[in-house]
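Please read the structure below before turning to the comments.
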Amino acid sequence: MNVIRIEGLTKRFDSLTVLDDISLEVAKGEVFGFLGPNGAGKTTTLRVLLGLLTPTSGRALVFGEDLADREGLRRRVGVLLEHDGLYSRLSAYDNLSYYARLYEVPEPAKRSDELLEFVGLHDRRGDRVGDFSSGMRRKLGLARALIHEPDVLLFDEPTAGLDPEMQKMIRDLILRLSQKEGITVFLNSHNLDEVQRLCSRVAILHKGRIRANDSVANLRHQAATHAVEIELADAAEAASACQALTRAGLVSSCRANSATVVADLAGGSSGEVIKLLVNSGIEVEEVKKVVRSLEETYLEVVQHAEGGTERDG
């Protein structure tokens, strides 16, 4: 079941096209990463999904409905955008208590205390939020998004400004919510290492258009060069290994770093590489295909888009 469905969504502000005919789907329980440079249109997409902005054309649906038309459905959605929605003059506890009552949460006091404990702010429960650091506000904003136990979470940079321990805690929380409770998470983030750890699929948005949309694994493999990393038993043989592979025409380039040789294959296979090195008297400990990180893949997609070409998918 697709919890989020965006179909041919376009959003213009006067002559400026912010979103240009984008389409994507997010399944129940999935952690979906929505990536792109600043100004790509990510936050606009979230605001259209929430019913805060009206599309110029196309649709953005949650549970098959437009949130702009179904106010009651918004109770199933938790949101943490750039602006955390907190009241600076209220205490941390009063902020959560207010939202708990707004969402008609059973036992609002208990739920508020549970979340303050969870995000590590219980000892500051009575302090005025206007005196909080940006990281503390982000923690409280996360608690506010979870106060009513939503079925869908829309997150915009949820770990921004947090210390590494808290970042890990939120990553673990997102995975638990997705895997054990079936909650769907739509995640905007510039932290590509975090997205790679969390998300099963991602879409990359650039200048209002989706340039790639696939599983993280597929995108990384599609972007991979035909390269292998070879671990040798003796670092002194690395230069000889590169020379042998180049002379045989199996590689287009080869570079050595201590006992590790990275070679770009030129039509040859990793099996042929191993065979040649062994026959040359060079002891090989391990050969593995080089797969790019999501960050490298993302940069390649954006660079292609800047150059006016697009990747498939």
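The values are calculated or read from the model by the stated rules, or taken from the named source; none is laboratory data. If you're wondering where the values come from, they're calculated on a predicted model, not measured in any experiment. Glycine also receives a Cβ, built like all others from the backbone with ideal geometry; neighbour counts cover every protein chain displayed. Note: areas computed on protein heavy atoms with side chains; ligands, DNA, RNA excluded. Shrake-Rupley method; radii C 1.70, N 1.55, O 1.52, S 1.80 Å.
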Looking at (1) touching a Gly at 6+ places or on another chain (Cβ under 8 Å); (2) over 26 Å from S133 (Cα atoms); (3) not β-branched (V, I, T), can you tell me which one R12 breaks?
-> (1)
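In this structure, does L53 turn out to be hydrophobic (A, V, I, L, M, F, W, C), at pLDDT 90 or above, touching an Asp or Glu at 6+ places or on another chain (Cβ under 7 Å) and crowded, with 18+ Cβ neighbours inside 10 Å? Write out each step before concluding.
Numbers: hydrophobic (A, V, I, L, M, F, W, C): yes; at pLDDT 90 or above: yes; touching an Asp or Glu at 6+ places or on another chain (Cβ under 7 Å): no; crowded, with 18+ Cβ neighbours inside 10 Å: yes.
It is false that L53 is hydrophobic (A, V, I, L, M, F, W, C), at pLDDT 90 or above, touching an Asp or Glu at 6+ places or on another chain (Cβ under 7 Å) and crowded, with 18+ Cβ neighbours inside 10 Å.
Can A223 be described as modelled with pLDDT under 90, on the phi < 0 side of the Ramachandran plot and touching a Gly at 6+ places or on another chain (Cβ under 7 Å)?
Values: modelled with pLDDT under 90: yes; on the phi < 0 side of the Ramachandran plot: yes; touching a Gly at 6+ places or on another chain (Cβ under 7 Å): no.
For A223, the condition - modelled with pLDDT under 90, on the phi < 0 side of the Ramachandran plot and touching a Gly at 6+ places or on another chain (Cβ under 7 Å) - is not met.
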So which residues in region 224-276 are open to solvent by less than 60 Å² (accessible area, probe 1.4 Å), of a type in the set (V, I, T) and more than 11 Å from V287 (Cα to Cα), if there are any at all?
-> T225, V251
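Conditions (1) open to solvent by less than 10 Å² (accessible area, probe 1.4 Å); (2) in contact (Cβ under 8 Å) with a residue 12 or more places away in the chain; (3) touching a helix residue (DSSP H, G or I) at 6+ places or on another chain (Cβ under 6 Å); (4) closer than 29 Å to E286 by Cβ, marked per residue:
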site: Q179; (1), (2), (3), (4): no, yes, no, no
site: I183; (1), (2), (3), (4): no, yes, yes, no
site: L187; (1), (2), (3), (4): yes, yes, no, no
site: H206; (1), (2), (3), (4): yes, yes, yes, no
site: R209; (1), (2), (3), (4): no, yes, no, no
site: S215; (1), (2), (3), (4): no, yes, no, yes
site: N218; (1), (2), (3), (4): no, yes, no, yes
Among the residues of region 62-99, count how many are open to solvent by less than 20 Å² (accessible area, probe 1.4 Å), at pLDDT below 95 and more than 24 Å from S189 (Cα to Cα).
-> 1
Please go through region 1-39 and pick out each residue that is touching a residue at least 40 places away in the same chain (Cβ under 8 Å), within 13 Å of K207 (Cα to Cα) and part of a strand (DSSP E or B).
-> T10, K11, R12, T17, V18, L19, D20, D21, I22, L35
Only residues that are among the polar types (S, T, N, Q) and in contact with a helix residue (DSSP H, G or I) (Cβ under 9 Å, 6 or more places away or on another chain): list them for region 134-167, please.
-> T159, Q167
Residues of region 251-272 being touching a residue at least 24 places away in the same chain (Cβ under 8 Å) and among the β-branched types (V, I, T), in sequence order, are T260, V261, V262
Among the residues listed as G72, G64, the single one being without any contact (Cβ under 8 Å) to a residue 12 or more places away in the chain and out of contact with any helix residue (DSSP H, G or I) (no Cβ under 7 Å at 6 or more places or on another chain) = G72
